[in-house]
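Read through the structure below, which is laid out as structure tokens, and then see the notes.
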Amino acid sequence: MKVNIGISDKNITSVTDILEVVLSNQMLLYVKTRKAHWNVSGESFMELHKLYESQYKQLEMDIDEVAERIGKLGKPTIGTMLEFSKLSTLKESEKIYNSTKDTIKELLKDHESIIISLRKDAEECNSKYKDSGTNDFLVGLMQNHESFAWVLRRYLN
């Protein structure tokens, strides 16, 4: 059934294209955070192990909400690793096992990259595509990533 929510079909397509990239970035960051959780070691093992776990659990909920937002706009949601890999603007780590500090730096860099993208995407959804609902949704995701980044940044000071 066609969605009739006051946004043109063309704009809905543009917004869901944005959301597919957001979803792909969230999935890649989720996997990288899981990897960090599985491989953390050293003096701060338990603290970082729990931190990464709390972050990947929040990412998991965010991923589901992004996928559902696409569905609310009337489009099918992508869901294969191939699709996520093609659309993600984040990159896989070249190292199999990073040091604790390198892992934190990499995750922080990814969160900051997502924050920058979400800030631009939210504004575009609002001003260009007239979708204040997705704008609001993306601002909320951005705030989650700002919190993640803030915590990770504190480990590097």
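The values are calculated or read from the model by the stated rules, or taken from the named source; none is laboratory data. The structure displayed is predicted, hence computed values, not measured ones. In this analysis, Cβ positions are derived from the backbone assuming ideal geometry, glycine residues included, and neighbour counts consider all displayed protein chains.
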In the stretch 86-104, what residues are β-branched (Val, Ile, Thr), in a helix (DSSP H, G or I) and surrounded by fewer than 18 Cβ atoms within 10 Å (Cβ to Cβ)?
100
If I filter the stretch 108-117 down to residues being under 12 Å from residue 152 (Cβ atoms) and touching a residue at least 40 places away in the same chain (Cβ under 8 Å), which single residue comes out as surrounded by the fewest Cβ atoms within 10 Å (Cβ to Cβ)?
108
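Listed here are the residues, each with its yes/no results for (1) modelled with pLDDT under 95; (2) over 22 Å from residue 145 (Cα atoms).
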residue	(1), (2)
3	yes, yes
18	no, no
63	no, no
67	no, no
83	no, yes
101	yes, no
104	no, no
111	no, no
If you check 140, 74, which single one turns out to be outside any helix (DSSP H, G or I), out of contact with any Ser or Thr (no Cβ under 6 Å at 6 or more places or on another chain) and surrounded by fewer than 19 Cβ atoms within 10 Å (Cβ to Cβ)?
74
Determine which member of the set 75, 130, 105, 120 is over 30 Å from residue 7 (Cα atoms) and either among the basic types (Lys, Arg) or free of Cβ contacts under 8 Å to residues at least 60 places away in the same chain (or both).
105
Inspect all residues belonging to the stretch 33-54 and state whether any of them is among the hydroxyl-bearing types (Ser, Thr, Tyr) and out of contact with any helix residue (DSSP H, G or I) (no Cβ under 8 Å at 6 or more places or on another chain).
yes
Taking the condition of being under 18 Å from residue 82 (Cβ atoms) and aromatic (Phe, Trp, Tyr), how many residues in the stretch 14-55 meet it?
1
Do we have residue 46 as in a helix (DSSP H, G or I), surrounded by fewer than 13 Cβ atoms within 10 Å (Cβ to Cβ) and not acidic (Asp, Glu) here?
yes
Since residue 32 meets every condition but one in (1) of a type in the set (D, E, K, R); (2) under 19 Å from the mean Cα position of the chain (by Cα); (3) over 16 Å from residue 145 (Cα atoms), which condition does it not meet?
(3)
Only unsatisfied item for residue 15, checking (1) more than 28 Å from residue 131 (Cβ to Cβ); (2) outside any loop (DSSP other than H, G, I, E, B); (3) of a type outside the set (Asp, Glu), is (1)
